[in-house]
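Quick notes on the structure that follows.
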Amino acid sequence: LNPRLICFPLRTKTLPPATHTNCFIVGKKEFIVIDAASPFAEEQAKLFELIDSFIEKGFVCKAIIVSHLHPDHFGGETALRNHLKEKFGLEIPIRAHKITAEDLRGKVEFRKFIEDGEVFELKDEADVSFEIKALHTPGHARGHLCFYDSEFGFLLSSDNIVGTGSVVIAHPEGNMIDYLVSLERMKNLPNLRFLAGSHGSAIFNAKGKIEEYIAHRLRREKQILEAIENGAKTPEEITEKVYEGLDAQLFPLVFKSVLA
């Protein structure tokens, strides 16, 4: 996507219309891997081949990162760590926000937490140093992380903004107030120009896309309030009024959004 960033879509057990989760490799001579999420051996093998080619050139992997707890964002990170240990004798830490690490205790072994504002110092293929900052952006998930390269104005928005479909804010893990605060924070990042989420394509007008998301959520909130004013008394009744004509298979997801 730019000289510092590779998007490597991996097939995962994600929600439609998505079929893949974007794994991001940030940096080259010094790099991090974000969301090596596929549980499928054939998908893992494709990622191993790319990462192996980096290690064989003398590039250094500084961390394997899980952006948040949802099952289409973890599942291959331990396999990648074990592969790099067995093949190259490397000890690469798996990292996440503390909340995510607690939620995934017993499923993933995390060596170190990532704090809001933590800066990763990396190097591109020309050996030029650059920084990417971790942002704790709850709403979709309590421990949700995004990553920002302020020099390029390029945001890795994880599941907060995506290139295909929409973002589910599922109560109780999802919190709509937190989500709107996170969207505002991302919208106001200095020099913001581009973004890439965990599903679908990258987006050229990052700020415009985030503004669309905020407007959509506020519009939906207004519809929910109108449904209540018009006599809807339960979350089920509100959902039926607000999402009239919706495919029945999607009802459980939008019901959770209404609760949130």
Counting sequence-distant residues (5 or more places) and residues on other chains, those with an amide H built under 5 Å from that of residue 159 are 198
So what does log10 I(q)/I(0) come out to for region 197-236 at q = 0.18, 0.24, 0.31, 0.34 Å⁻¹, using the Debye formula with one equal point on every Cα and no solvent?
-> -0.63, -0.79, -1.02, -1.07
Hey, which aspartates and glutamates would be in cross-link range of residue 46, C-alpha to C-alpha under 19 Å, not counting anything within fewer than 8 residues on its own chain?
-> 35, 56, 72, 77, 86
If the convex hull of the alpha-carbon atoms of the chain is projected onto planes in all directions, what is the mean projected area in square nanometres?
-> 13.8 nm²
Packing-ranked peptide list from 136-144, 17-25, highest mean Cβ count within 10 angstrom first, is 136-144, 17-25
Within straight-line cross-link reach of residue 133, lysines at Cα separation under 25 Å, skipping those fewer than 8 residues along the same chain = 28, 29, 62, 98, 112, 123, 187, 207, 209
For region 85-143, just run the numbers: alpha carbon Rg, then divide by 2.2 N^0.38 Å, N being how many residues it has.
-> 1.38
Antiparallel as a % of all DSSP beta bridges within the chain, to the nearest 5?
-> 65 percent
With +1 on each Lys and Arg Cβ and -1 on each Asp and Glu Cβ, how big is the dipole of region 124-260 about its Cα centre, in debye rounded to the nearest 20?
-> 340 debye
What do you get for Rg/Rh over region 87-210 if you use C-alpha atoms and the Kirkwood form of Rh?
-> 0.99
Which trypsin sites (Lys or Arg not before Pro) from region 4-91 combine a DSSP loop assignment with at most 10 other Cβ atoms within 10 Å?
-> 57
Calculate, for the chain, the solvent-accessible area per residue in square angstrom, rolling a 1.4 angstrom probe over the heavy atoms of the protein chains.
-> 48 Å²
Summed residue charge, Cβ within 14 Å of residue 163's Cβ, Lys/Arg positive, Asp/Glu negative | -1
Thinking of region 25-102 as a set of Cα atoms, what percent of all their pairs are more than 15 Å apart?
-> 53 percent
Under the rule of -39500 (n - 2.57) per DSSP H run of 4 or more residues, summed and divided by the residues of the chain, what mean residue ellipticity at 222 nm is obtained, to the nearest 500 deg cm²/dmol?
-> -10500 deg cm²/dmol
What does the charge count near residue 91 come to, summing +1 for each Lys or Arg and -1 for each Asp or Glu among other residues with Cβ under 15 Å from its Cβ?
-> +4
Using only Cα atoms, what is the ratio of the radius of gyration of region 118-173 to 2.2 N^0.38 Å?
-> 1.37
Placing +1 at every Lys and Arg Cβ and -1 at every Asp and Glu Cβ, with all other atoms neutral, what dipole size does the chain have around its Cα centre, in debye to the nearest 20?
-> 200 debye
So what are the radius of gyration and Dmax for the Cα set of region 1-137, in Å?
-> 14.1, 39
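The values are calculated or read from the model by the stated rules, or taken from the named source; none is laboratory data. Since this is a predicted model, take the numbers as computed values, not measurements. Heads up, the Cβs are rebuilt from the backbone with ideal geometry, glycines too, and the neighbour counts pull from every protein chain shown. Protein only, heavy atoms only, side chains kept; ligands, DNA and RNA dropped before computing areas. Shrake-Rupley method; radii C 1.70, N 1.55, O 1.52, S 1.80 Å.
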